[in-house]
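Trainee: Sharing a structure below in structure tokens format, with a few things to ask.
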Amino acid sequence: MELKKIDAQNTPKSKYEEVLNKYNVEIDDATVQEEVKRIIAEKVPQNDTLEVKKFLMGSVELTSLNTQDSDESIMAFTEKVNRFDEEYPTLPHVATICVYPCFASVVSNTLEVDGVEIACVSGSFPSSQALIEVKVAETALAVKDGATEIDIVMPVGKFLSGDYEGVCDDISEMKGACGDKAMKVILETGLLKTAKNIKIASILSMYAGADYIKTSTGKLSPAATPEAAYVMCQAIKEYYDETGIQIGFKPAGGLNTVTDALTYYSIVKEILGEKWLTNKWFRLGTSRLANMLLSEVIGEETKFF
């Protein structure tokens, strides 16, 4: 009996392969590193201005994701944002307060400043290792209690094992639980290792329903890197060119200096352009930078937050 040869060209492609075929995922890590070096050398000094630092203050997602958080500590954390608006009325307030879902109602009931979003990490943050029913329920409860944005973690284990369908199904189901609230998908880029993996994860996340893509949870090292940001912004641009859908970007974890913030700003400006330079489409996941940026803007060291 003669075995028939399989014609690879006629083998049906999955819908995920068809999506990925629309984009350039064969990218070289060394090329990315060289481009990032160029942007840092040429663009960061140009963007090191008072106005840019004020803008970056307004893009900060003030974050408290600690084991020791309590109703009282989160209430005090939120009150700082209220006081900032009173004490520095000419400066932009932070974009977001980010907490665990169990504190959504505390922030919602305490926050008095218009225009500050309430983000909750959800879907079994930071591991994403839970039954999908649990992740969906947690997300829905966070929205019910006042969350206006949801940050979830892409199921990295599924991604690395090649289960793209499982990855997209998880993201899509949690997006359904968000309703009309924006959802950020955290790629945990430090675990993805290569530029190609980061590009594929970015595209699949956007395809599955992400309103933003975010580098890291901040719970693992390495967290955000300029190289990961470069690849993610490239993916956002290509996705926008292909679909007309604008997706936001959020570096998070490992943002330790004002220069770090200027670096991510410069990457976004270089690749995505002015359309993304608003505190809706560009966010910084950090708390330590809030005081550093404020100190530079007002010209003296302060620890307000």
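The values are calculated or read from the model by the stated rules, or taken from the named source; none is laboratory data. From a predicted model like this one, the values you see are computed outputs, not experimental measurements. For neighbour counting, all protein chains shown are included, and Cβ atoms are generated from backbone atoms with ideal geometry for every residue, glycine included. For accessibility, only protein heavy atoms count, side chains too; no ligands or nucleic acids. Shrake-Rupley method; radii C 1.70, N 1.55, O 1.52, S 1.80 Å.
Trainee: Any residue that is part of a loop (DSSP other than H, G, I, E, B), within 25 Å of W281 (Cα to Cα), in contact (Cβ under 8 Å) with a residue 60 or more places away in the chain and not basic (K, R) - is there at least one of those in region 127-138?
Mentor: No: zero hits.
Trainee: One residue is enough: does region 227-244 have a residue meeting the conditions surrounded by 23 or more Cβ atoms within 10 Å (Cβ to Cβ) and outside any helix (DSSP H, G or I)?
Mentor: Scanning region 227-244 turns up no residue that is surrounded by 23 or more Cβ atoms within 10 Å (Cβ to Cβ) and outside any helix (DSSP H, G or I).
Trainee: Restricting attention to region 213-223, and to residues there that are open to solvent by 10 Å² or more (accessible area, probe 1.4 Å) and free of Cβ contacts under 8 Å to residues at least 60 places away in the same chain, which single residue is nearest to the chain's Cα centre (by Cα)?
Mentor: A223
Trainee: Output the residues belonging to region 77-94 that are open to solvent by less than 20 Å² (accessible area, probe 1.4 Å) and either assigned to a strand (DSSP E or B) or of a type in the set (S, T, Y) (or both).
Mentor: Across region 77-94, the qualifying residue is only T78.
Trainee: Go through (1) assigned to a helix (DSSP H, G or I); (2) touching a Ser or Thr at 6+ places or on another chain (Cβ under 9 Å); (3) not aliphatic (A, V, I, L, M) and name the single condition P222 misses.
Mentor: That leaves (1) as the condition not met.
Trainee: Which is surrounded by fewer than 21 Cβ atoms within 10 Å (Cβ to Cβ), at pLDDT 95 or above and out of contact with any Lys or Arg (no Cβ under 6 Å at 6 or more places or on another chain), of K303, K280? I'd like the intermediate steps shown before the answer.
Mentor: Details: K303 fails: at pLDDT 95 or above.
Result: K280 is the single residue among K303, K280 that is surrounded by fewer than 21 Cβ atoms within 10 Å (Cβ to Cβ), at pLDDT 95 or above and out of contact with any Lys or Arg (no Cβ under 6 Å at 6 or more places or on another chain).
Trainee: Quick check on region 198-212: of everything there that is crowded, with 22+ Cβ neighbours inside 10 Å and without any contact (Cβ under 8 Å) to a residue 40 or more places away in the chain, which residue is farthest from D28 (Cα to Cα)?
Mentor: Checking each candidate, the answer is A210.
Trainee: If you don't mind, another one. Can you list residue pairs whose Cβ atoms sit under 7 Å apart, with the first residue in region 241-267 being farther than 17 Å from M57 by Cβ and the second being open to solvent by 40 Å² or more (accessible area, probe 1.4 Å) and acidic (D, E)? Count only pairs 6 or more apart in sequence or on different chains.
Mentor: Going by the 7 Å Cβ cut-off, the qualifying pairs are I247/D211; G248/D211.
Trainee: Would you pick out the residues in region 47-76 that are within 24 Å of V258 (Cβ to Cβ), of a type in the set (S, T, N, Q) and in a loop (DSSP other than H, G, I, E, B)? Explain how you work it out, then say what you get.
Mentor: Here is the first cut: in region 47-76, the ones within 24 Å of V258 (Cβ to Cβ) are 47-66.
Among the residues that remain, those that are also of a type in the set (S, T, N, Q) are: 47, 49, 59, 63-64, 66.
Once the filter is applied, which keeps residues that are within 24 Å of V258 (Cβ to Cβ), of a type in the set (S, T, N, Q) and in a loop (DSSP other than H, G, I, E, B), region 47-76 yields T49, S59, S64, N66.
Trainee: Within region 245-277, how many residues turn out to be hydrophobic (A, V, I, L, M, F, W, C), buried (at least 23 other Cβ atoms within 10 Å of the Cβ) and part of a loop (DSSP other than H, G, I, E, B)?
Mentor: Summing the residues that are hydrophobic (A, V, I, L, M, F, W, C), buried (at least 23 other Cβ atoms within 10 Å of the Cβ) and part of a loop (DSSP other than H, G, I, E, B) in region 245-277 gives 2.
Trainee: Could you count how many residues in region 106-125 are crowded, with 18+ Cβ neighbours inside 10 Å and either of a type in the set (D, E, K, R) or touching a residue at least 40 places away in the same chain (Cβ under 8 Å) (or both)?
Mentor: 6
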